[in-house]
Each structure stands twice: as structure tokens, then as C-alpha cells.
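Data first, discussion second: the structure below is written as C-alpha cells.
The values are calculated or read from the model by the stated rules, or taken from the named source; none is laboratory data. In this text, all values refer to a predicted model and were calculated from it rather than measured experimentally. As a convention, Cβ positions derive from the backbone with ideal geometry for all residues, glycine included, and neighbour counts pool all protein chains shown.
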Amino acid sequence: MRPSKSFWLAAVCVVGVASFYSLFPEKVPSYVPPPVEPEWKGSSRFFEAQPHTVEVTLRGVVAAWRKATLCARTPGTVEKIVAERGASVKKDDPIVCLSADDRQEKVEAASAQVNAAQMEQEATKALWKGDFQSRVVAAQKQAALDKAIADEKAALLAKEFAVISAPFDGQVGERFIEIGDTVNVGTKIATLADLSTVRIIVYCSEKDLSIINQAKEAIACVAARDIPVTLVSVSSVAEEKTHMYRVDVQVDNATGLLADGMTAEVRVKGPELKAHYVPSSALCLSDEGAIGVKVKDENGVVGFSPVQVLSLDAKGAWVAGLPEKVNIIIVGQDYISIGETPAIKQEG
């Protein structure tokens, strides 16, 4: 059987192609294998320092600027309650009145005793000048006059103290007595609070103390309202049990919306400084327990840089203590040791 024409045509094509590549071998395409992706142990990214205002959030309670517990200064029976709980009073307004008893009579008797002692003292003085009385008698009469004056003053004070008055403008708080109660010196009568200006008492840690001392401004959030406030005092002595420092914040309360005992949050803005905003997951601990990040230098060597955490939020952390520009390992840092030169993928 003779080969067909198509067979001879295919044979000629094969021979022609083989002859062409034999005459021009450089035209034959060489096989290039695909690049092998290295086995990455982590990834890193460059971070640059940015201006950041440090903010500290403290929580505490609202307290009256002035608060006093009024006590009885003379014995007696409660006869009248002038100001009830929650009443607003002015300075020297009566709050509670004790029974008058014989207070007025004692004042009159003491005044009469003073008059008599003055007359005796003047007579003795005249006789002493004429050498008819000794100096000892004159001194006795003078002492009797002084005692009579002191007794008169005590009687007047006992009459005055029968009315317990407000020492300053404020609101009557708790009341400890009722009509008919017998009180003695020192018995608690009522509390009085000045709420025209209030203070917010908060406590800060040693870490935040320097920021508080350099504070530029502060905002208090009370009853879902933001109110500008003034830092009045920062204690330099820590509480013995908590080792926290007391901070007093002054708030104007002319509207009367703030009440003693309300909870409050104070946001204190400190100085502006350069810091890095890094993912929270990039933070790790050194063998010594210091907080920091693992970094990669220009030679690919892994190192550890301690940082100071300034603030945290849901996405990351503001940290201080790093160079202006730094290459931080953000993935796989927990599996990479310091001093290694692993394959780390560069992001960004």
C-alpha cells in the first residue's frame, strides 16, 4: 500500500522544522522554572512617628466644695426645725432652734453682777489711791469684775448658741434630730453642703502622674454632659493602701445640675509629643517582662525595642520610645527570636 499525500506532507513539515532549529539553535526557547516563593516566618511594616496628644481618663465622684456637720454648742431641747432636708439657706440663716429655757434670765443676772463688780472695783480703786485699801483687796475686786464679765459673755453665748445657724450658703443635707430631742454639746444636728461649686475627686496612678502635672486642659463627663473643668490640686503623697494619687477638679455648678455623690469621668489632656500608632497585636514582652515591639534592622536582624504605652483603643496603641522611623514586625513576632535573620515579608 503506498503512503498518502497527507503523510508525505506531514513528513516534509517535520523535517523542515528540525532542519530550521538545527541551523539556528539559539532560537529554541529554554525552559525557565517559576520562582519559588520563600517560606515567610512573618511580616513587617515601616512606622513613622506622629504628633500625639496624650490623654488620661480618670473616674471618680462629685463632692460638695464645702461640707460641714453642724453640732450643738450648748445643751437644750429641740424646739423648732426651721430648714428641712434639701432646703437652701444663706449664711447666718437659722436651721434649728433650741428651747430658750432660762437663758435670758442668766444673761440679765450676769449683766447685773458685772455692774455690781464694776462699782465695787471703782470704789476700791479710789480707796487704794488714798491709801485706805491695800493692793491685795484691789486685785481681788478686779478679779471679781473679770469673772463677772466672763460669766456674762458665757450667758450671752449660751443664748446665741440656742439657734444653730448656717456658717455659709448651702443646702441642708442629712438631719440627725427631731423636735423634742434633748441635745448636749457636740450632738450632731445636720449637714450643710455648698454646691454652687463642686469638686470631682479622682485618683491617678504613678504612670499618669507626670501627665496630670503637665495637663493643658480637662473635660469632665457627668450625667452625659461634657463640662470644662479646672485641675485644682494634685497630691504628691500616694494613698497608703492603693498607692494612687488624689486629684481634685473644680467644676462650676451655678445651674445646680450636679449633686453630691454622682459618678464622673475626667479626661485630662497632657502635652503633645511624637509617638507611633502600632497594632496592639504587635506588642510583646521581653524575657525580662518589659513591654515592647520586635523590629528588623537594615540587615534583616531581629531586635527588641521597649516602649511606653501611652493609650489604647480598639484598633491599636500609641507608644513612645521608638526611633523616628522603625520597621516593626507585626505578624509572627511571637515565633521569631531576637538576633535571627528570618525571611520576613515587607509590607507597605
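Is it the case that some residue within region 204-217 is over 24 Å from ASP169 (Cα atoms), aliphatic (A, V, I, L, M) and surrounded by fewer than 17 Cβ atoms within 10 Å (Cβ to Cβ)? First the steps, then the outcome.
Taking region 204-217 as the starting set, the residues that turn out to be over 24 Å from ASP169 (Cα atoms) are 204-217.
Applying the additional criterion that residues be aliphatic (A, V, I, L, M) yields 209, 211-212, 215.
Within this subset, residues satisfying the condition of being surrounded by fewer than 17 Cβ atoms within 10 Å (Cβ to Cβ) are none.
No - not one qualifying residue is present in region 204-217.
The set of residues in region 82-95 that are surrounded by fewer than 20 Cβ atoms within 10 Å (Cβ to Cβ), at negative phi and either hydrophobic (A, V, I, L, M, F, W, C) or not in a strand (DSSP E or B) (or both) comprises VAL82, GLU84, ARG85, ALA87, VAL89, LYS90, LYS91, ASP93. Can you find a residue in region 302-321 that is without any contact (Cβ under 8 Å) to a residue 12 or more places away in the chain and more than 20 Å from GLY42 (Cα to Cα)? Within region 302-321, one or more residues are without any contact (Cβ under 8 Å) to a residue 12 or more places away in the chain and more than 20 Å from GLY42 (Cα to Cα).
Within region 148-202, being over 42 Å from the mean Cα position of the chain (by Cα) and in a strand (DSSP E or B) holds for one residue alone: THR182.
Would you confirm, using the coordinates I've provided, whether SER281 is in the same structural domain as THR341 (by TED's automatic domain parsing), touching a strand residue (DSSP E or B) at 6+ places or on another chain (Cβ under 9 Å), in contact (Cβ under 8 Å) with a residue 40 or more places away in the chain and under 30 Å from VAL61 (Cβ atoms)?
Details: in the same structural domain as THR341 (by TED's automatic domain parsing): yes; touching a strand residue (DSSP E or B) at 6+ places or on another chain (Cβ under 9 Å): yes; in contact (Cβ under 8 Å) with a residue 40 or more places away in the chain: yes; under 30 Å from VAL61 (Cβ atoms): no.
Answer is no for this residue.
Please return the ranges of strands (runs of 3 or more DSSP E) entirely within region 212-272 where 3 or more residues are β-branched (Val, Ile, Thr) and assigned by TED's automatic domain parsing to the domain that holds ARG199. Explain how you work it out, then say what you get.
On the way: elements: 217-222, 225-234, 245-252.
Correct list: 225-234, 245-252.
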